[in-house]
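Structure record follows, encoded as structure tokens.
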Amino acid sequence: MDDFLATASSIMNRRKSRAGRSLENHFDYLLRRADIPHVVRPPDVDGKPDIIIPSVEAYRDNRYPSNKLFMMGVKTTCKDRWRQVLNEAKRIEDKHILTIQQGISKKQLNEMKEDGVQLVVPADIHKQYPHGSNMRLLAVDDFVKLVRRRLA
């Protein structure tokens, strides 16, 4: 029985890892189509954020304006893993997380907002999130527009 459970767990973890990489690859494609410079899975920049915009060199250059830096955590589901991004890319105050999780509790959304985390969620699933939280969800298109505006 232990062997069976270990094998099942291994299969599930590989599937979850593939789903996360697939979401990351899709977002990478969208950023490339939008001509937004970025680095996927950059080398250590105060941890290992999933995506840095515009570059690791800009992040490490203290003369580069921090309001033109973005980091994106890519999480198929947030659960408590959203807290990981708080310790990544410390130079960037506002953290962004792209997720396809369908709905997160109002309490968790408020915690994220208080800790400086902004969710980026496909517009199609915005309606599955509770009303009345302090979090204003960003659609993927809104995030792209925000980045373009700040980088201009």
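Observations, loosely collected:
- Qualifying residue in segment 42-49 (condition: modelled with pLDDT of 95 or more, surrounded by 15 or more Cβ atoms within 10 Å (Cβ to Cβ) and either farther than 21 Å from Arg148 by Cβ or not hydrophobic (A, V, I, L, M, F, W, C) (or both)): no
- When Ile125, Ile97, Ile104 are checked against the criterion of being part of a loop (DSSP other than H, G, I, E, B), touching a residue at least 24 places away in the same chain (Cβ under 8 Å) and of a type in the set (A, V, I, L, M, F, W, C), a single residue qualifies: Ile104.
- Taking (1) touching an Asp or Glu at 6+ places or on another chain (Cβ under 8 Å); (2) modelled with pLDDT of 90 or more in turn, Lys68 satisfies each apart from (1).
- Qualifying residue in segment 81-103 (condition: modelled with pLDDT of 90 or more, charged (D, E, K, R) and under 10 Å from the mean Cα position of the chain (by Cα)): yes
Let's see how each residue does on (1) under 24 Å from Asn25 (Cβ atoms); (2) touching a Phe, Trp or Tyr at 6+ places or on another chain (Cβ under 7 Å); (3) surrounded by 13 or more Cβ atoms within 10 Å (Cβ to Cβ):
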| position | (1), (2), (3) |
| --- | --- |
| Val56 | yes, no, yes |
| Asp61 | no, no, no |
| Phe70 | yes, no, yes |
| Val74 | yes, yes, yes |
| Cys78 | yes, no, yes |
| Trp82 | yes, no, yes |
| Val85 | yes, no, yes |
| Glu88 | yes, no, yes |
| Arg91 | no, yes, yes |
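The values are calculated or read from the model by the stated rules, or taken from the named source; none is laboratory data. Everything quoted here is computed from the prediction, not taken from an experiment. So basically every Cβ, Gly included, is an ideal-geometry build from the backbone, and we count neighbours across all protein chains shown.
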